[in-house]
Amino acid sequence: MALRGSLHEFELPDIFQLIGNDGKTGQLVLYNKDDEAFVIFSHGSVIAAGNNVMNLQTVLFKFLMSIKRYSEEELNELLYLCQGEMRLFTQELVNKRYVTKEELAIIARLAIEDFACGLFLWEFGHYRFDSLDNVDDYMVGAIALSSDAITMEAMRRVDEWKRIRKAIHPETVFVRVKQNENPQQTPLEPHQIFDPAAYMLSLIDGISTVASFCKTTFFTEYRVCETLLMFWQNDRIIPLKVQQELSKPAPARKTAKHSFINAQVFSFVIVHLSAALIICCGYFFTHIVLHEKNRAQSWSRNEWSITQSENKVRVATIDYHALTGISPTATEQLKGAGLIVSKDKNYFNLRNLGTLK
């Protein structure tokens with residue numbers, strides 16, 4: 001029986017649930033462009049997982065080379081003799097005492113869980129499930145993980161992984177907060193080798209990057225970063241750049257602080273000087289320019305009124321002479337004759353009148 005389709009239409013949790021509930025045996029393949037991964041199911045349980053970059057074989061090689069100190073050439077020779085068959089290869093590792101059964105079981109369980117959970121980070125791609133009659137060649141010991149357990153752990157990791165990626169960069173270098181805390185002085189116990197906390201803390205040297213830990217240790221990238229973030233949050237380690245900043249000499253920090261304060265004072269003065277200049281300009285415009293404009297307008301209106309009154313007096317003088325036969329000697333005469341009004345009289349005086357005769 002074959003199942004295939006797009007992860008956009010049928011998400012991975014639903015695929016795992018279907019295979020687990022139906023107790024299917026076979027291989028699930030995921031692919032997206034150049035990326036490819038696989039999960040092997042036996043009666044609905046996960047017994048193997050990996051991708052085109054890492055699998056159980058690469059994890060075992062890292063463990064045997066970094067912890068047991070075997071050479072890569074020696075391991076490749078053994079793998080060649082086993083014709084690349086994982087089940088036979090792991091059996092030979094135990095028979096030749098490269099690893100113990102307990103060590104092999106721990107490594108296999110951690111690797112299978114990490115690889116299977118990592119597939120839930122895929123947002124795009126396609127899947128294909130092919131039923132198989134026998135998958136015993138893929139089994140390592142009796143390791144079989146529940147599909148439901150994998151799904152629940154994977155969903156937890158999806159949210160956690162987003163937070164880890166925001167906090168930790170691959171090129172970050174960590175140092176221990178307590179300089180006298182040096183786990184390398186005391187060799188790790190055999191059981192501590194498989195404890196990510198104890199093992200990762202023993203590797204913190206203030207030189208190695210997170211990317212180098214992921215490349216050389218037998219733990220997956222997720223377990224490395226999760227452990228480092230836990231230590232960081234518990235103040236056991238700190239990024240090297242942060243540690244260097246905190247360890248700067250006091251005068252340097254004081255100078256930086258004073259520079260910051262001086263910059264604030266300078267900004268304060270500039271802002272207030274600018275505000276004062278704007279206020280002065282506004283005052284000048286309001287009280288000088290507008291005042292002069294209003295005064296000029298008032299002067300123009302007065303001049304116009306005087307001119308108008310003078311014209312009326314001139315005409316009234318001519319009319320008075322025509323009516324009485326004599327020239328007026330005072331503006332009161334013109335007003336009494338009804339030829340001008342009081343306003344015209346106020347704008348005009350006898351001296352002006354003399355010029356009209």
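Just so it is clear, none of the values below were taken in a lab; they were calculated from the coordinates. The structure displayed is predicted, hence computed values, not measured ones. So basically every Cβ, Gly included, is an ideal-geometry build from the backbone, and we count neighbours across all protein chains shown.
For Leu7, the residues 5 or more places off, or on other chains, whose built amide H falls under 5 Å of its own are Gly125, His126, Tyr127.
As a rough guide to protection, the peptides 231-238, 193-200 ranked by mean Cβ packing within 10 Å, highest first, stand as 193-200, 231-238.
When each of the peptides 217-223, 326-332 is scored by how many other beta carbons lie within 10 Å of its residues on average, the order from highest to lowest is 217-223, 326-332.
The number of Lys pairs in the range 2-166 with C-alpha atoms less than 30 Å apart, excluding pairs fewer than 8 positions apart on the same chain, is 11. The length gained on full extension between Glu73 and Leu273, counted as 0.36 nm times the residue separation minus their Cα-Cα distance, comes to 64.3 nm.
Amide hydrogen proximity for Glu36: with H placed 1.01 Å from N in the peptide plane, the residues at 5 or more positions away or on another chain lying under 5 Å are Asn52. For Lys178, the aspartates and glutamates whose Cα comes closer than 19 Å to its Cα, not counting residues fewer than 8 places off in the same chain, are Asp205, Asp235, Glu245.
If R0 is taken as 41 Å, the Cβ-Cβ distance between Arg87 and Asp235 corresponds to a FRET efficiency of 0.35.
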